[in-house]
1. Separation between the residue 155 and residue 184 pseudo-spin-labels, each 7 Å from Cα along Cα→Cβ, expressed in nm?
2. When the chain is fully extended, how far beyond the present Cα-Cα distance does residue 141 get from residue 69, taking 0.36 nm per residue of separation?
3. Measuring with a 1.4 Å probe in the full set of protein chains, what accessible area per residue, in whole Å², belongs to the stretch 36-146?
4. Using a 1.4 Å probe on the protein heavy atoms, what percent of the accessible area of the stretch 84-139 belongs to carbon and sulfur?
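The values are calculated or read from the model by the stated rules, or taken from the named source; none is laboratory data. Owing to the predicted nature of the structure, the values given are computational and were not obtained by experimental measurement. Methodologically, a virtual Cβ is constructed for each residue, glycine included, from the backbone with ideal geometry; neighbour enumeration extends over all protein chains shown. Quick note on the areas: whole protein, heavy atoms, side chains included, nothing else; ligands and nucleic acids left out. Shrake-Rupley method; radii C 1.70, N 1.55, O 1.52, S 1.80 Å.
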Amino acid sequence: ALAVALPLIPLKLADPFWQLSFTAALCSNGFLALLSVLLLNLAAALLPQADWLVGRRQLVGSLCRWVALAYLLLIPLQGLAAWRALDWAGAAESRGARQELQRIAQFRQAVVSATSVAALQVNLAAIQAPPLGSVDQRQSLAAIQSGLLAQLQAVEQRARQRQPEAAGTSGAVPGQGLNPAQLLALGKDSLRVVLLSLGLALAFAAAAQRRG
């Protein structure tokens, strides 16, 4: 029980990544519970005269039906959690890009509104942006503004590629914030949980049929 509970503390029921950890923990430790059931059945078969063992086997057999159902329910839960994890990752990437675009707009306003190099330094300090270097300060205001605006344009283009709304699409793309390796790992883990859940559900259902 501790092996399942400790990695899941604190509880974050609404977090899809916590839900993925929950399903993975139940499947990884399900064979220990199944082994306990099998050992109990074996002990009851070897000692049929032990009424307490027979009674315990009947009780555990009845519980196995509910355990089998619970493992079947893990399959849709895993699918929903995986989809929500992809959706959350895409939304997080979209929010990050949107915040970056807002920061770029703020930076651009500070640059174009400056009437002198000194005023530009003040504007940059006001938005907590990095100050001009000593080399930049020796250039003309027009040259500094031109260089900064060119850099901002390049950064803005990269940010807009990560921002679906800015590109004219609606909503964030699920999984946009995950790299291919993370997507592959999520797919493998989901497939593993689905197969283990199905296998454990069948095993516990079979154990429930032996309760008598």
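1. Once both label points are built, they end up 3.3 nm from each other.
2. 18.8 nm
3. It amounts to 59 Å² per residue over the stretch 36-146.
4. 53
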